[in-house]
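Heads up: the structure comes next, in structure tokens.
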Amino acid sequence: MLQGAVHRRSARSLTCRSHTGAMVRAVFVFEGNDLSVYPSVEGAVSYVEAIDVDNGEFDFFAEDGMVLSGVTHNEQVTLQETNDRRLADLRDRLRRYLVDPRVGLDPALANNPVAAAQAILDREWERRPFRWFPWLDRRFNGVARFIV
């Protein structure tokens with residue numbers, strides 16, 4: 001399971017070590033054509049609701065193309081590693097997302113999922129609400145999210 005110990009690399013990045021010892025630096029959560037990126041498994045799990053996971057509304061990928069399986073128990077969601085590696089599929093889906101006019105990022109970023117994840121997080125950070133009031137910004141958004 002990818003619920004394991006959280007390791008801090010710096011004050012602004014989280015990674016999670018799976019039971020096989022692999023470091024997960026980015027989790028891609030696809031919901032149809034929409035994409036959310038998280039620098040930790042915990043962040044991804046906190047975003048999704050158990051009923052939506054049970055209904056199969058999300059596809060989860062690690063940055064290396066590993067498909068993560070969403071599992072629910074007592075309304076709690078965990079992500080489990082699978083042996084299914086679909087890096088080409090992840091890159092294709094990233095490319096389709098990046099060329100969307102609402103996103104407008106370089107589709108070449110899809111060749112490096114970690115760089116794509118960081119670019120998406122940077123864009124979200126720049127568009128965050130409440131950034132005009134520093135105290136309110138920190139309270140609602142914390143510090144910048146980075147993938148290392």
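Taking the criterion of being aliphatic (A, V, I, L, M) and under 12 Å from the mean Cα position of the chain (by Cα), the residues of segment 59-78 that qualify are ALA62, LEU68.
For segment 72-115, a residue qualifies if it is hydrophobic (A, V, I, L, M, F, W, C) and without any contact (Cβ under 8 Å) to a residue 60 or more places away in the chain, and the qualifying residues are VAL77, LEU87, ALA88, LEU98, VAL99, VAL103, LEU105, ALA108, LEU109, ALA110, ALA115. Collect the residues in segment 30-71 that are in contact (Cβ under 8 Å) with a residue 12 or more places away in the chain and polar (S, T, N, Q), keeping them in residue-number order. The answer is ASN33, SER40, SER69. Of the residues making up segment 74-94, just one is charged (D, E, K, R) and closer than 11 Å to LEU35 by Cβ, namely ARG93. Those strands (runs of 3 or more DSSP E) of segment 1-109 in which 2 or more residues are at pLDDT 85 or above and surrounded by 15 or more Cβ atoms within 10 Å (Cβ to Cβ) occupy 27-31, 34-38, 59-62, 66-73, 76-85.
The values are calculated or read from the model by the stated rules, or taken from the named source; none is laboratory data. These figures come from a predicted structure and were not determined experimentally. Positions of Cβ are generated from backbone atoms using ideal geometry, with glycine treated the same way; all protein chains shown enter the neighbour counts.
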